[in-house]
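*Asks:* There's a structure below that I have some questions on.
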Amino acid sequence: MSIKSIAAKIFARKIYNQTQAWSAKPVETQFEVFKSLIQNAKETQFGKDHHFETIKTFEDFQKNVPVRDYEDLKDYIEKVKLGEENILWKGKPLYFAKTSGTTSGAKYIPLTKESMPTHVNAARNAILHYINETGNADFVDGKMIFLQGSPILTEKHGIKFGRLSGIVAHFVPKYLQKNRMPSWETNCIEDWDTKVNAIVGETIKENMSVISGIPSWVQMYFERLQEKSGGKKIGEIFKNFNLFIYGGVNYEPYRAKFEQMIGKKVDSIELFPASEGFFAYQDSQKEKGMLLLLNSGIFYEFIKADEFFTDPDGSGPKRYTIGEVEIGVNYALIVSTNAGLWGYNIGDTIQFTSLKPYRVIVSGRIKHYISAFGEHVIANEVENAMKEATAGTNIVINEFTVAPEITPANGLPYHEWFIEFEKEPDNIQAFAEAIDDSMRKQNIYYDDLITGNVLQKVVITKVSKNGFQEYMKSQGKLGGQNKIPRLSNDRKIADNLK
């Protein structure tokens with residue numbers, strides 16, 4: 001056992017003990033975070049607009065600060081982007097993380113000197129909890145790869161802009177620098193196809209022990225490794241690879257394929273990071289769910305998903321705090337953070353798997369979506385794409401829905417559009433191209449996946465006359481207010497239609 005692995009075990013125990021301390025008093029921990037947030041933002045424009053000087057309790061906060069999405073907060077964010085200080089948080093943020101938007105294109109989420117360390121520490125602590133529980137620390141002597149966006153940033157008004165993964169790359173601890181792959185130069189390659197080939201060239205002969213990234217991107221990396229090695233299993237190429245760290249999408253649809261490609265089972269750690277905050281990580285290989293981080297500068301509120309769009313008394317749906325949640329209920333996640341987000345709906349839904357400590361799983365989005373590959377496609381985007389593709393034509397659509405095809409028999413995965421035409425296009429391929437072009441313009445993540453050859457372009461499957469009606473009838477949902485979901489993150493509807 002190396003000195004480095006011994007030190008890792010000692011450090012892991014220290015972090016575990018610290019976690020045990022705050023997780024044992026969750027309500028008190030959240031109240032301390034809450035008080036700190038209000039105090040620090042009292043003199044900001046947002047704080048003054050929402051009378052933070054009068055806020056003493058959670059109830060005061062909920063009366064003064066409504067639940068918001070990005071559009072509702074955009075006027076404040078635009079002022080911050082122009083360099084104005086003390087708007088949402090004291091001073092100016094260090095960074096803006098550019099992420100996919102909904103109705104207004106890209107979103108810009110602030111990252112401050114107070115919030116930035118929480119992203120880095122959470123990723124580190126996830127690994128340390130794994131070490132503490134399993135006793136496995138030998139991997140710290142091997143190489144680690146984190147498949148991420150380019151760390152090249154732009155700057156305006158003293159604030160740097162970039163993708164979250166690229167921003168975080170600037171904060172890799174010094175003790176990991178020698179082990180970290182790929183090189184800085186390779187990480188800066190913008191074109192994903194070129195980048196993956198360069199990563200393969202750099203890593204194929206290294207002692208890789210930890211591999212981390214969104215499963216769809218990692219799958220592509222594995223495929224390229226196999227091509228270059230003459231079809232070897234990943235476990236043969238990297239004999240000491242025993243830990244896979246992932247986040248962003250559900251790993252389960254990929255698990256069987258990964259184990260086949262690797263040639264053995266490897267341990268995995270699930271993370272729940274977002275531009276808005278690092279919310280949770282898997283703290284145990286034995287327990288279901290990820291530990292919700294209650295001490296990381298984030299105050300959480302929860303709205304039951306089935307109540308989210310209700311407003312019984314004119315003040316919006318009931319907002320629950322950490323001491324009021326239940327196991328197995330689907331909640332929309334609302335956050336207020338030390339980056340200056342207030343009552344912010346991140347769009348994700350979660351369920352609690354444990355209350356001692358508080359562990360969660362990501363159950364989906366508050367609205368229908370597709371994010372099988374991390375693309376975060378929403379209904380508004382597919383509807384706009386269909387509208388644009390049919391504009392100025394004589395094409396008539398009766399109904400359509402969209403689903404991901406993760407494991408096609410041939411070629412790359414894709415989004416499959418099931419369309420019942422009243423009047424078909426003369427050229428179905430040109431029609432598919434028009435849809436795909438619109439999707440790429442609307443959604444930067446989807447465009448990245450197409451450009452990087454992770455996905456192939458839209459595939460259209462024609463549905464026979466009255467096919468959707470027959471499907472709804474078979475489900476006992478024909479008529480009334482029942483609707484075909486415009487898109488799904490699984491293939492339950494798609495496989496029935498086929």
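The values are calculated or read from the model by the stated rules, or taken from the named source; none is laboratory data. Please read all numbers here as calculations on a predicted model, not as lab measurements. Quick reminder, even Gly has a Cβ in these numbers, built from the backbone with ideal geometry, and neighbours come from all protein chains shown. The area values use the complete protein model at the heavy-atom level, side chains included, leaving out ligands, DNA and RNA. Shrake-Rupley method; radii C 1.70, N 1.55, O 1.52, S 1.80 Å.
*Asks:* For the chain, with every protein chain kept in place, what is the accessible area per residue (1.4 Å probe, Å²)?
*Replies:* Accessible surface, normalised per residue, equals 45 Å².
*Asks:* Share of antiparallel DSSP beta bridges in the chain, in percent to the nearest 5?
*Replies:* 65 percent
*Asks:* With each run of n ≥ 4 DSSP H residues scored as -39500 (n - 2.57), what mean residue ellipticity at 222 nm is computed for the chain after dividing by its residue count and rounding to the nearest 500 deg cm²/dmol?
*Replies:* Rounded to the nearest 500, it is -11000 deg cm²/dmol.
*Asks:* Check which residues have an amide H placed less than 5 Å from Tyr369's amide H, if you skip close sequence neighbours.
*Replies:* Asn489
*Asks:* Kirkwood Rh and Cα-based Rg: tell me the resulting Rg over Rh for segment 228-283, rounded to two decimals.
*Replies:* Taking Rg over the Kirkwood Rh, I get 1.06.
*Asks:* Which one of Val27, Ala389, Ser438 is farthest out on the positive end of the charge dipole of the chain, using unit charges on Cβ (Lys, Arg +1; Asp, Glu -1) and the Cα centre as origin?
*Replies:* Positive-most Cα among the choices belongs to Val27.
*Asks:* If you take Cα extents along the principal axes in Å from the coordinates, which of [x] 65, 56, 42; [y] 65, 60, 43; [z] 64, 64, 46 do you get?
*Replies:* Structure-derived value, by its label: [z].
*Asks:* I'd like to compare 416-422, 213-219: which one has the highest average count of other Cβ atoms within 10 Å, and what's the full order after that?
*Replies:* By packing density, highest mean first, the sequence is 213-219, 416-422.
*Asks:* Please give the per residue volume of the convex hull enclosing the alpha carbon atoms of segment 413-495, rounded to a whole number of Å³.
*Replies:* 115 Å³
*Asks:* So if we plug the beta-carbon distance of Thr57 and Glu78 into 1/(1 + (r/R0)^6) with R0 = 41 Å, what FRET efficiency do we get, rounded to 0.05?
*Replies:* Efficiency at R0 = 41 Å is approximately 0.85.
*Asks:* So which of Lys143/Lys232; Lys113/Lys143; Lys265/Lys498 end up more than 26 Å apart by C-alpha?
*Replies:* Exceeds cut-off: Lys113/Lys143; Lys265/Lys498.
*Asks:* On full extension of the chain, what length is gained from Ser229 through Asp267, given 0.36 nm per residue of separation minus the C-alpha to C-alpha distance?
*Replies:* Result for the pair: 11.3 nm of gain on full extension.
*Asks:* Report the Rg/Rh value for segment 94-239, based on alpha-carbon coordinates and the Kirkwood definition of Rh.
*Replies:* With Rh from the inverse mean 1/r over Cα pairs, Rg/Rh is 0.99.
*Asks:* A further question follows. Leaving out same-chain residues fewer than 8 places away, which aspartates and glutamates sit with a Cα under 19 Å from that of Lys288?
*Replies:* Within reach: Glu133, Glu252, Asp267, Glu270, Glu326, Asp348.
*Asks:* Can you tell me the convex hull volume per residue for segment 360-498, based on C-alpha atoms, in Å³ to the nearest whole number?
*Replies:* Output value, Cα hull per residue: 132 Å³.
*Asks:* I would also like to ask the following. Tell me which residues come under 5 Å, amide H to amide H, from Ser363 once H is placed; ignore anything under 5 positions away on its chain.
*Replies:* Thr349, Ile350, Gln351
*Asks:* Which aspartates and glutamates have a Cα less than 19 Å from the Cα of Lys465, not counting those fewer than 8 places away in the same chain?
*Replies:* Glu399, Glu416, Glu420, Glu422, Glu424, Asp426, Asp495
*Asks:* Per the 1.4 Å probe, what fraction of the accessible area of segment 181-257, in percent, lies on carbon and sulfur atoms?
*Replies:* 49 percent
*Asks:* Grab the beta carbon distance between Gln429 and Ala256, set R0 = 41 Å, and tell me the FRET efficiency rounded to 0.05.
*Replies:* E between Gln429 and Ala256, to the nearest 0.05, is 0.80.
*Asks:* Name the residues whose placed amide hydrogens come within less than 5 Å of the amide hydrogen of Arg180, ignoring near sequence neighbours (fewer than 5 apart) on the same chain.
*Replies:* When sequence neighbours closer than 5 places are left aside, the close amide H contacts are Met144.
*Asks:* Out of the total accessible area of segment 352-394 (probe 1.4 Å, heavy atoms of protein only), what percent is carbon and sulfur?
*Replies:* About 49 percent, which is the carbon plus sulfur part of the accessible surface.
*Asks:* Which entries in the list Lys4/Lys160; Lys107/Lys160; Lys387/Lys423; Lys14/Lys286; Lys4/Lys356 go over 24 Å, if you measure between the two C-alpha atoms of each?
*Replies:* In this structure, Lys4/Lys160; Lys4/Lys356 lie more than 24 Å apart at Cα.
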